[in-house]
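S.K.: The structure under discussion is supplied below as structure tokens; questions concerning it will follow.
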Amino acid sequence: TIADCVYVGDHDLAQIETARMSGSTDGDAVYLTRQVGDLNNDGHNDYLVGGGRLPGLTGFGAGTVFVVHGPVVGEFDLANAQATLVGALPESTLGFSLAKLGDVNGDGNSDFLVGAPNAGGNVLAQPTDAGRAYLFHGPVDGATTLADAAATFTGQGIRDGAGHAVADARDVTGDGVR
């Protein structure tokens, strides 16, 4: 089988690797990985692994985001992730972008954004590429779906591509709240 892998640890891969997370299904492809702080408030950093082109339960290219609670050492098969989010439609590319937000709702757990730039409304059962970004509050584990998102941001028109890039905006109003 052909499956991508992600190395977690020092950014210099020439140095000793701390952990290796890999897919186990033929065709698994990892787009990016983000350390997202402590999602489950256990004192360890947790990770998101996005595979925007992975075959999801809803069709090829739906995309998948794996939630992996740390610490992660040695070999880790993504099939054992603590939660797996799957894109809602074929070609929606969930996991194309990922962002750590910190604790935006004040519960002590990190929160995150997940982008699906090709998702959106359907025209004759085809994605319109309006795009979506999903906000999740930690903890995230077990049976979690996109319907569990605290908020969903959707592009307004064909090819808007909302969710193509997601990021932490910090406190833009100066009121102490992100």
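The values are calculated or read from the model by the stated rules, or taken from the named source; none is laboratory data. Just so you know, these numbers come straight off a predicted model, no measurement behind them. Cβ atoms come from the backbone with ideal geometry, glycine included; neighbour counts cover every protein chain shown. The accessibility values were calculated without ligands, DNA or RNA, using every heavy atom of the protein model including side chains. Shrake-Rupley method; radii C 1.70, N 1.55, O 1.52, S 1.80 Å.
S.K.: How big is the antiparallel share of DSSP beta bridges in region 58-147, given as a percent to the nearest 5?
M.R.: 95
S.K.: Once you place label points 7 Å from the Cα toward the Cβ at Gln82 and Thr152, how far apart are they in nm?
M.R.: 2.5
S.K.: Something else now. R0 = 41 Å: FRET efficiency of Thr173 with His44, Cβ-based, nearest 0.05?
M.R.: Working from the Cβ atoms, E equals 0.80.
S.K.: What order, most packed first, do the peptides 97-107, 80-90 have when packing is the mean number of other Cβ atoms within 10 Å of each residue?
M.R.: Ranked by mean Cβ neighbours within 10 Å, highest first: 80-90, 97-107.
S.K.: Can you order the peptides 142-155, 66-79 by their average number of other Cβ atoms within 10 Å per residue, highest first? Display every interim value, and only then the final one.
M.R.: On the way: 142-155: 13.7, 66-79: 17.3.
Ranking the peptides 142-155, 66-79 by packing returns 66-79, 142-155.
S.K.: Another one. Write down the accessible area per residue of region 63-133 in Å², having rolled a 1.4 Å probe over the full set of protein chains. Please list the in-between numbers first.
M.R.: Numbers: 2540 Å² over 71 residues.
Heavy-atom SASA per residue in region 63-133 reads 36 Å².
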